[in-house]
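Presented below is the structure to which this report refers.
None of the figures in this text is laboratory data; all of them are computed from the coordinates on show. This structure is a prediction, so every number in the text was calculated from the model and none was measured. Note: ideal-geometry Cβ built from the backbone for every residue, glycine included; neighbour counts use all protein chains shown.
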Amino acid sequence: MADPPTLEGPEVAPIRPGEEFDEKRVEAYLKERIPGLEGPMEVLQFPGGHANLTYLLRFGEREIVLRRPPLGPVAPKSHDMAREYKVLKGLEGHLRPAPKAYLLCQDPSVIGATFLIMERMRGVVIRWGVPPEIDRHPDGRRRASFALIDAMTDLHDVDYVKVGLADLGKPEGFVERQVHGWKGRWDRAKNKEIPLFDALYEQFESTIPESPGASIVHNDLKLDNTMIDPDNPDRVVSILDWDMTTLGDPLADLGTLLCYWSQPGDPPERGATVAVTGQPGFPTRQEIAERYAERRKVDLSTIAWYEAFGLWKTAVVLQQIYIRFVRGQTQDERFRMMGPRVEMLIEIAGQVAERA
């Protein structure tokens, strides 16, 4: 059955220059493989992301989504569309906010990279501001925030063996590999030395906490990687960006979320992550962590370590994006200012690490 039509909104826009693909070829390829795609294909782009490229494909009233890695060289094992497809197929019917995956194309002759076709989900995204659809509800900001935590705990409670994802990763030694892996990514992407980064690496390596047990780990589960039901802010409609999902320590997900979560009283530099949660009406990082602990009955005495690591890791992500701009591998002007943000996040990671 065709997906219902949707109104055009600011979440989609014309394709950015340099990020086009052969639309006729893709249209023919998809129509041969996905039933029910009728009429000419219209293409728009979701402009909000900073890494993977995501497009809206419209066939009359039917809408689907195409996701592909960013242009230019990418870090090994990152932007993995095949992994995202595998995860979404496994979670289908077991986690409501996981979109359905329709097709995986690993033939580079179609658009030059592996790509994924998935379900078009509809909700509102809280990114740089709070949509009016959230604010029209009593305590909408707080309710949407806790809905995100509830969705995270639901994901972490999924039996990954039962859903066929036991081979998604190796939980044993997950955090150690994360620490070493992100240091390696930094070494490949850095354009100058930052001694604090290396000092934090040594601290993380020597103080790895004991894991509370393994789960599916999204690895980038933050507020603007979810879509909230505009009619019910207690419900997450969709979780986005599954390409880094693996098996490991679930507190890595919570630490990443906390690293993105600004709150009143933070230094301005902390807003280099997601400043919107510093506005009135959002819960604090402590309240977010307590909600998680209450639902999963876990000890969070080491959570500052995970938050500091999340900030340090996010600095690497931004550096990977920034270096692609420096090397001329992308012309997206949004990436020009990533360099100063990298150093800010490393400084903040150091401050949080002192608590850990």
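Rank ALA275, HIS137, GLY255 by how far each Cα sits towards the positive end of the charge dipole of region 132-355 (+1 on Lys, Arg Cβ; -1 on Asp, Glu Cβ) and give me just the farthest.
With unit charges placed on the Cβ atoms, the residue in question is ALA275.
Could you order peptides 308-321, 228-241 by the average number of other Cβ atoms within 10 Å of their residues, highest first?
Working: 308-321: 25.1, 228-241: 20.3.
Highest mean packing first, the order is 308-321, 228-241.
In nm, to one decimal, how far is the modelled label at ASN191 from the one at ASP107, with both set 7 Å along Cα→Cβ?
Using points 7 Å along Cα→Cβ, the separation is 3.8 nm.
Would you mind calculating the relative contact order of region 234-356 from Cα pairs under 8 angstrom and at least 6 residues apart, reporting the percent as a whole number?
Numbers: 131 pairs, mean separation 34.6, N = 123.
Over region 234-356, the number comes to 28 percent.
Against the empirical 2.2 N^0.38 Å scaling, what ratio does the C-alpha Rg of the chain come to? Walk me through the numbers before you get to the answer.
Details: Rg = 19.9 Å, N = 356, 2.2 N^0.38 = 20.5 Å.
Rounded to two decimals, the normalised Rg is 0.97.
What distance in nm lies between label points placed 7 Å from Cα along the C-beta direction at ASP299 and ASP224?
It works out to 3.6 nm between the two label points.
Contact order normalised by length for the chain, with contacts defined as Cα pairs under 8 Å and 6 or more residues apart; what percent is it? Show your work: numbers first, answer last.
Values: 611 pairs, mean separation 57.8, N = 356.
Reported as a whole number, the value is 16 percent.
How high is the relative contact order of region 23-119, in percent, counting Cα pairs under 8 Å that sit 6 or more residues apart? Could the numbers behind the result be given before it?
Numbers: 151 pairs, mean separation 22.1, N = 97.
The value is 23 percent.
For the ranges 109-117, 186-194, 21-29, what's the packing order if you count other beta-carbon atoms within 10 Å of each residue, average per peptide, and put the highest first? Mind showing how you got there, number by number?
Working: 109-117: 19.1, 186-194: 13.6, 21-29: 15.4.
In descending order of packing, they fall as 109-117, 21-29, 186-194.
Taking the number of other C-beta atoms within 10 Å as the exposure measure, put THR54, THR277 in order starting with the fewest.
Starting with the residue having the fewest Cβ neighbours, the order is THR54, THR277.
In nm, give the distance between the simple-model label positions of LYS162 and TRP128, each being 7 Å from the Cα along the Cα-to-Cβ direction.
Inter-label distance under the simple model: 4.2 nm.
Specify which residue in the list VAL161, GLY18, LEU37 is farthest towards the positive end of the charge dipole of the chain, using unit charges on the beta carbon of Lys, Arg (+1) and Asp, Glu (-1), about the Cα centre.
The residue sitting most towards the positive pole is GLY18.
Compute the separation of the alpha-carbon centres of region 112-176 and region 287-345 and state it in Å as a whole number.
A separation of 16 Å, based on Cα centres.
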